[in-house]
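*Asks:* Got a structure here, written out as C-alpha cells. Questions coming.
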Amino acid sequence: MTTREIDTRELVLLIQEGSSSVEPIREALSDPETGFRLQCVERLPTAFARIAGGGVEAVVLDLSRSDLAESERLDSFLKFQKGAPNIPVVVLCGSGDENLALKAVRAGAADFLVRDRCAPDLSRLLRSAIVLAGPRLDARQLEAAGLTKNGTIISLLGGKGGVATTTVALNVACSLAQWSTAVLAEVRPMFGTLPQYFHPQHHVRNLAHLLKTQPHAIGRVEAEACLWPYKGIPGLSVLFGPLAIEQCGEIGAAHAKSVAKVLATLADHVVVDLPPTLSESNRAVVESSDCLVVVVERDQISIESTKQMLRTIEMWNAVPQFIGSVIVNRASLATPIPITEIEAQLGIPTLGVIPPAADLCVAAQKAGVPLVAFDPQSLMAQSLITLAGRLAMEA
C-alpha cells in the first residue's frame, strides 16, 4: 500500500463564468516554485461553499466577459466582497476594461491584471495579496523584535526642476544594485517619472498604496508588496510614485518618514528621488537620510536656487551626516561656472560631474534600460558608476 503524497501548495480559487479557457491562469501558476495550486468554479454560490470548507488562500475573479455590462461585472465583485470579505482577490479584466478593474481595486480588490497578459505577474500579485491579508507587525513592533536592517538612505534633491535628478537617482540605484541590494523610491505627491524609464507593462502597486496605511502601521510586509522587482538587475526594486490622477495628493511628514525607514529594512541601500521643493515630506525624508545629494547645473540660476534650499535645510536642523553635490552638464555651456566656484558658493563638496550625453540618455530611455546597463562603457555611465561607488563608501 502506498502513502498518498499531500499537496502542501496554497490553494487559489478561480471564479470564472462562461466558456473562456482556464489555461492562461493555470499556466501562470504552473511553476512549482510559486507554491500555488488552482481550483476552478463557475458560480459565486459554489465559490462561497468552497471557501466555507477552508483552505482557500486567495481568489482570482475573472471579470473579462464582454457579453456583460460593466455594472454587472462590478456587481459580481461587490457580491463576492460582501460574502467573503477576508479573502484577498486579484481581479482579471479585458484589455479595454482597466477602468472597471480600478473601480474594483478602490472597492477592496488587492490588485488587477489584464487577463491575456497575466502570466508573468499573477503569482507575484497573489503572494503579495496573501501576505498583506495575513497577520501584520507594524514598524514599532518590528523594531522591538529586532527585525530591522540598517540599510543606508541616500536622498537626491534637485536644486531646481529639470536638472536630471531622476536620471542620476535611477543610475546610482542601478549601480549600487550591481554590488548589493537597492531600492529606488519616488517619494512624490504627483505623477512619478520612473515608469517612463522602466516601462512596466501593467498596473503596479506604488507609493499611493502605502499611503493608504496609517504611518505607524507601515511595515516590511506592506512595503515589500508595493515594490516592483526589476528583472534586468536582480538586486534592484522600485517604489513608483503615483501613476494615476486619483492617487496624487500631498504626503504627510509622518508617512514620508515611515516609508523611508521601512524601506531601509529591506535593502542595503535606499535611493530616494525627491521633488525640488521644501515640503514637509521632503524635510522628513532628509531628516531620515544618511546622505543628501543635491543635483545642480553649472549656471547661476541653478546655483542660487540650490543655495536657498541648503539654507532652509540648515534652518530645519535636518542636515544628514554627509552631504554633497553632483554637477550635471545637460548641455555644453559657453561659459560654465568653474567647479571650485560652485563648491565655494554652496559650501559642500562636489561628489561627481556628469558629462553631457543627451542622445545616449534618450536611447536608453526608449530601450527601457538604465544608462549604466545600456552602455556601461560610455563616459556618462562611468561617471555615474563612480558616483555610486563614492556614495557607497561615504553613506
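Each reported figure results from applying straightforward, stated rules to the coordinates on display, with no laboratory input. As the structure is a prediction and not an experimental result, all values here were calculated from the model. Every residue, glycine as well, gets a Cβ built from its backbone with ideal geometry; the counts of neighbours run over all protein chains shown.
*Asks:* When the chain is fully extended, how far beyond the present Cα-Cα distance does ALA244 get from LYS231, taking 0.36 nm per residue of separation? All intermediate terms of the calculation are to be shown ahead of the outcome.
*Replies:* Values: separation 13, 0.36 × 13 = 4.68 nm, distance 2.38 nm.
Difference between extended and current length: 2.3 nm.
*Asks:* Then there's this: What are the ³J(HN,Hα) couplings of region 234-249, residue after residue, when phi is run through the Karplus curve with 6.51, -1.76, 1.60 and θ = phi - 60°? Round to Hz, x for glycine and proline.
*Replies:* x, x, 10, 10, 10, 9, 6, x, x, 10, 9, 4, 6, 8, 7, x
*Asks:* May I ask you to compute the full-extension gain from ALA107 to LEU11, defined as 0.36 nm times their residue separation minus their alpha-carbon distance, rounded to one decimal in nm?
*Replies:* Working: separation 96, 0.36 × 96 = 34.56 nm, distance 2.37 nm.
Additional length available on full extension: 32.2 nm.
*Asks:* Another question about this same structure. Where does the chain land at 222 nm, in deg cm²/dmol rounded to the nearest 500, when only DSSP H runs of n ≥ 4 count, each adding -39500 (n - 2.57), divided by all residues?
*Replies:* Counting only the DSSP helices, I get -11500 deg cm²/dmol.
*Asks:* Please turn the phi angles of region 62-69 into ³J(HN,Hα) values with the Karplus equation 6.51 cos²θ - 1.76 cosθ + 1.60 (θ = phi - 60°), one per residue in order, whole Hz, x for glycine and proline.
*Replies:* 8, 10, 8, 4, 8, 8, 10, 5
*Asks:* Here are a few candidate values for volume of the Cα convex hull per residue in Å³: (1) 168; (2) 189; (3) 153. Which one was actually calculated from the structure I just gave you?
*Replies:* This structure yields the entry labelled (1).
*Asks:* May I pose another question? What is the dipole size for region 10-133, taken about its Cα centre, with +1 at each Lys and Arg Cβ and -1 at each Asp and Glu Cβ, in debye to the nearest 20? Walk me through the numbers on the way to the answer.
*Replies:* Values: 14 positive and 18 negative charges, 77 e Å.
It works out to roughly 380 debye.
*Asks:* Among GLY159, GLY352, GLY54, whose mean-square fluctuation peaks in a Gaussian network model of the chain (Cα, cutoff 10 Å)?
*Replies:* Fluctuation is largest for GLY54.
*Asks:* Quick one: which of 366-377, 229-240 comes out on top by average Cβ neighbours within 10 Å, and what's the full order, highest first?
*Replies:* Numbers: 366-377: 17.7, 229-240: 19.5.
By packing density, highest mean first, the sequence is 229-240, 366-377.
*Asks:* Packing-wise, with mean Cβ within 10 Å as the measure, how do 94-101, 255-262, 168-175, 67-74 rank, highest first? Each step should come with its number before you reach the end.
*Replies:* Working: 94-101: 16.1, 255-262: 23.5, 168-175: 27.9, 67-74: 13.4.
Answer by packing, highest mean first, reads 168-175, 255-262, 94-101, 67-74.
*Asks:* If you place +1 on the Cβ of every Lys and Arg, -1 on the Cβ of every Asp and Glu, and leave all else neutral, what size is the dipole of the chain about its Cα centre, to the nearest 20 Debye? Before the final figure, lay out the partial values.
*Replies:* Working: 34 positive and 41 negative charges, 100 e Å.
It works out to roughly 480 debye.
*Asks:* Which whole-angstrom value gives the distance between the alpha carbon centres of region 338-395 and region 241-267?
*Replies:* 26 Å
*Asks:* Please sort through the DSSP H helices of the chain and keep those with an alpha-carbon extent of at least 18 Å along the long axis and a Kyte-Doolittle average not below 0.5.
*Replies:* Values: long enough: 70-83 (20 Å, -1.08); 165-179 (22 Å, 0.87); 300-316 (24 Å, -0.31); 379-394 (23 Å, 0.97).
Helices meeting the criterion: 165-179, 379-394.
*Asks:* Work the Kirkwood hydrodynamic radius out for region 10-133: mean of 1/r over every pair of different alpha-carbon atoms, inverted, in Å.
*Replies:* Details: mean 1/r = 0.0705 Å⁻¹.
Evaluated on region 10-133, it is 14.2 Å.
*Asks:* Spin-label point model (7 Å from Cα, Cβ direction): what's the TRP179 to GLU314 distance in nm?
*Replies:* 3.1 nm
*Asks:* Amide H to amide H, which residues 5 or more places from VAL271 or on other chains are under 5 Å from it, using H placed in the peptide plane?
*Replies:* Under 5 Å from the amide H of VAL271 lie the amide H atoms of ILE154, VAL183, LEU184, ALA185, each far enough along the sequence or on another chain.
*Asks:* Can you give the extra length, in nm with one decimal, that the chain gains between ARG117 and GLN382 once fully stretched, where that is 0.36 nm per residue apart less the Cα-Cα distance? Write down the numbers at each step before the final one.
*Replies:* Working: separation 265, 0.36 × 265 = 95.40 nm, distance 3.65 nm.
Length gained, ARG117 through GLN382: 91.7 nm.
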